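Visitor: Can you keep this structure in mind? I'll have questions shortly.
The values are calculated or read from the model by the stated rules, or taken from the named source; none is laboratory data. Being a predicted model, the structure only gives us computed values, none of them experimental. Here Cβ is always computed from backbone atoms with ideal geometry, including for glycine, and neighbour counts include all displayed protein chains. With ligands, DNA and RNA removed, areas are computed over all heavy atoms of the protein, side chains included. Shrake-Rupley method; radii C 1.70, N 1.55, O 1.52, S 1.80 Å.
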Amino acid sequence: KNNHISFSNEQNLLYVEIGNSNFEKSLLSFLAKHPATDGIFSINDLIALELMLYLKKNHIDIPKEIKIIGFDNTNSGKYTTPSLSSVKQNTDLIASHAVNSLLSLINNNVELGKKILVPISLILRESSQ
């Protein structure tokens, strides 16, 4: 529970798998059980794009009825209609930290349990506005 928003797997978690023939059925079943759903945050852009495809196919307006945000900020999200909002990671900085951690491990200069926070940014496009 963050920012006074409660979370429950039953109410808030939609599990879908790319390539699974039940993807559309799972989405529609979830929305039927939870008609107040007005937004979906996806673990990656590929799943977000798949969600957008099935929402459109079932005449559910994005973003009017359901807003969509992906995670990766892949280039393909810029070219969809509506364009996909997404979380952008600083992959260069993540890679740099990973290499430095590996070199420290190789040199036996390890600080176990160290947390490294890499800032992200939200790229707002049409799917969430």
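Visitor: What do you reckon, is Val99 farther than 15 Å from Ala48 by Cβ and free of Cβ contacts under 8 Å to residues at least 12 places away in the same chain?
Guide: Yes.
Visitor: Also: I'd like to know if the range 52-70 contains one or more residues that are open to solvent by 50 Å² or more (accessible area, probe 1.4 Å), more than 16 Å from the chain's Cα centre (by Cα) and of a type in the set (Ser, Thr, Tyr).
Guide: no
Visitor: So, one more: Scan the range 80-98 and tell me whether some residue there is of a type in the set (D, E, K, R), under 19 Å from Tyr15 (Cβ atoms) and surrounded by 12 or more Cβ atoms within 10 Å (Cβ to Cβ).
Guide: no
Visitor: Then there is this: Consider Tyr54 against the criteria (1) farther than 16 Å from Glu10 by Cα; (2) part of a loop (DSSP other than H, G, I, E, B): it satisfies all of them except one. Which criterion is unmet?
Guide: Going through (1) farther than 16 Å from Glu10 by Cα; (2) part of a loop (DSSP other than H, G, I, E, B) one by one, Tyr54 breaks only (2).
Visitor: State whether the residues of the range 95-110 include one that is part of a loop (DSSP other than H, G, I, E, B), touching a helix residue (DSSP H, G or I) at 6+ places or on another chain (Cβ under 6 Å) and within 27 Å of Ser26 (Cβ to Cβ).
Guide: The answer is no; no qualifying residue exists.
Visitor: So is Ser76 in contact (Cβ under 8 Å) with a residue 24 or more places away in the chain and part of a loop (DSSP other than H, G, I, E, B) or not?
Guide: Answer is no for this residue.
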